[in-house]
1. Residues of the range 19-46 being under 18 Å from residue 69 (Cβ atoms) and surrounded by 11 or more Cβ atoms within 10 Å (Cβ to Cβ), which ones?
2. If you check residue 49 against the conditions, is it surrounded by 11 or more Cβ atoms within 10 Å (Cβ to Cβ), at pLDDT 90 or above and closer than 19 Å to residue 68 by Cβ?
3. Exactly one condition in (1) out of contact with any Leu (no Cβ under 7 Å at 6 or more places or on another chain); (2) outside any helix (DSSP H, G or I) is false for residue 28; which is it?
Amino acid sequence: MTKNLKKADEVYLELREHVLKLIEQKEVPFEMVAASLMDIAQRLYKTNLSETDYKNIMKEAYDTNVKKKWPRVIIKLQQNY
């Protein structure tokens with residue numbers, strides 16, 4: 001594994017751990033967390049990419065078929081609200 005991939009995995013795992021804590025311990029709706037993460041990502045891209053690259057990455061994100069990878073229990077926590 002290259003150094004950059006290892007660092008990317010570390011960042012992902014740290015963010016995922018924080019997200020799960022927010023949802024489980026703080027009882028924050030998953031939609032609120034997801035929207036906040038999307039906003040942060042879009043602002044990072046918009047600030048650091050050209051307009052063309054920004055539009056391309058937003059299209060790529062929209063077109064990407066994301067597979068569910070987290071346990072359904074996270075969603076079930078939110079059904080109590």
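The values are calculated or read from the model by the stated rules, or taken from the named source; none is laboratory data. A quick note: this is a predicted structure, and the numbers were derived from the prediction, not measured. Cβ atoms come from the backbone with ideal geometry, glycine included; neighbour counts cover every protein chain shown.
1. If we filter the range 19-46 for residues that are under 18 Å from residue 69 (Cβ atoms), which is where we start, we get 19-24, 30-31, 33-34, 37-38, 41.
19, 20, 21, 22, 23, 24, 30, 33, 34, 37, 38, 41, listed by residue number.
2. On the way: surrounded by 11 or more Cβ atoms within 10 Å (Cβ to Cβ): yes; at pLDDT 90 or above: yes; closer than 19 Å to residue 68 by Cβ: no.
The answer is no for residue 49.
3. With respect to (1) out of contact with any Leu (no Cβ under 7 Å at 6 or more places or on another chain); (2) outside any helix (DSSP H, G or I), residue 28 is out only on (1).
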